[in-house]
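Below is one structure, written out as structure tokens; the observations come after it.
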């Protein structure tokens, strides 16, 4: 069964599609955002707030979130535990 993770402000991501969750503070992360926008593989989930995390998907999309990376990781692991039970 598909598990959805809340990435903030009612935005949900399929947990099966997540490859990585990283902090958006570094210069390489900011370059990745610009590059994904050029390729039209960018989804903004921040609702105008500051970007704090990047979510990489199996479809090569980058999704931004205004939640901390640790918060998203906790939500990911909690959904993973529920999926196994």
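Read-outs: derived from the displayed coordinates by stated rules, not from any lab. Model, not experiment: these values are computed from the prediction. Every residue, glycine among them, receives a Cβ derived from its backbone with ideal geometry; neighbour counts consider all protein chains shown.
Okay, helix-only estimate at 222 nm for the chain: each DSSP H run of n ≥ 4 adds -39500 (n - 2.57), divide by all residues, round to 500 deg cm²/dmol; what do you get?
My calculation for the chain gives -10500 deg cm²/dmol from helical runs alone.
Grab the Cα-Cα distance for residue 70 and residue 19, subtract it from 0.36 nm times how many residues apart they are, and report the gain in nm with one decimal.
16.8 nm is the gain from fully extending residue 70 to residue 19.
Which value in nm describes the separation of the simple spin-label points at residue 40 and residue 80, placed 7 Å from the Cα toward the beta carbon?
Computed distance between label sites residue 40 and residue 80 equals 3.4 nm.
Measure nothing fancy, just the Cα-based angle from helix 27-38's long axis to the longest principal axis of the chain, in degrees from 0 to 90, nearest 10.
90
Using the C-alpha gyration tensor of the chain, what are the square roots of 5 times its eigenvalues, in whole angstrom, with the largest one first?
Equivalent ellipsoid of the chain: 22, 13, 11 Å, largest first.
Just to confirm the number: angle between the C-alpha axis of helix 69-84 and the first principal axis of the chain, 0 to 90 degrees, nearest 10?
Between the helix axis and the principal axis of the chain, the angle is about 30 degrees.
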